[in-house]
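K.L.:
This structure is in structure tokens; I'll ask about it shortly.
Only the coordinates and a few stated rules stand behind these numbers; no lab work does. Here the structure is a predicted model, which means the values were calculated and not measured. Don't worry about glycine lacking a Cβ; one is built from the backbone with ideal geometry, like all the others, and counts go over all protein chains shown.
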């Protein structure tokens with residue numbers, strides 16, 4: 001990549017305080033791309049539950065990508081730590097998750113007082129499904145299982161106020 005861009009490794013490092021800072025910038029970009037993919041998938045739907053489902057599944061699809069797996073799951077805990085990884089997730093993803101659940105609450109499909117907690121819980125569940133996919137011997141089978149589980153969870157969430 002550096003060669004294609006005509007940039008030497010040392011020149012790239014010059015723009016960052018450390019290798020950790022460089023990795024943090026890459027991780028930030030990957031999490032932002034995950035959020036964008038989820039948002040774009042959600043916007044293709046009209047029903048709030050379908051929007052939430054589409055966004056979650058878009059994230060699970062990205063968990064099949066080896067580059068996303070490496071950056072978001074394998075390397076990030078050891079390089080930037082769990083707290084930073086979670087902060088990036090909250091910065092980029094949680095807002096959209098909460099907005100989707102607020103739309104469900106506005107329709108009476110979710111209790112309003114639980115919106116914030118449900119947003120965190122759904123994000124955590126989807127992240128766990130993505131981790132399962134990333135670490136699976138058969139990622140395609142894990143994706144199918146994870147998708148079904150997320151769909152069931154969301155359907156039950158939105159039908160049990």
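K.L.:
How large is Rg over Rh for the chain, taking Rg from the Cα atoms and Rh as the Kirkwood inverse mean of 1/r across Cα pairs?
P.N.:
1.03
K.L.:
For the range 49-85 and the range 124-161, what is the separation of their C-alpha centers, rounded to whole Å?
P.N.:
Each part reduced to its Cα centre gives a spacing of 12 Å.
K.L.:
Once the Cα atoms of helix 95-106 and of the chain are each reduced to a long axis, what angle between those two axes, in degrees from 0 to 90 to the nearest 10, is obtained?
P.N.:
For 95-106 against the chain, the angle is about 10 degrees.
K.L.:
I'd like the orientation of helix 139-157 relative to the chain: the angle between its Cα long axis and the longest Cα principal axis, in ° from 0 to 90, rounded to 10.
P.N.:
With both axes taken from Cα atoms, the answer is about 40 degrees.
K.L.:
Sticking with this structure for a sec: With a Förster radius of 30 Å, plug the Cβ-Cβ distance of residue 33 and residue 111 into 1/(1 + (r/R0)^6) and report the FRET value to the nearest 0.05.
P.N.:
Efficiency at R0 = 30 Å is approximately 0.40.
K.L.:
Moving on. What 222 nm value per residue comes from the helices of the chain, counting each DSSP H run with n ≥ 4 as -39,500 (n - 2.57) and dividing by all residues, nearest 500 deg cm²/dmol?
P.N.:
Rounded to the nearest 500, it is -22500 deg cm²/dmol.
K.L.:
Obtain the nm distance between the two label points defined at residue 90 and residue 141 by a simple spin-label model: each point lies 7 Å from its Cα along the Cα-to-C-beta direction.
P.N.:
3.7 nm
K.L.:
Here's a follow-up. Treat the count of other C-beta atoms within 10 Å as a stand-in for reagent exposure and order 59, 82 from fewest to most.
P.N.:
82, 59
K.L.:
Moving to a separate point now. Quick one: among 100, 76, 18, which has the greatest mean-square fluctuation in a GNM of the chain with alpha-carbon springs under 10 angstrom?
P.N.:
Taking springs between Cα atoms under 10 Å, the residue moving most is 18.
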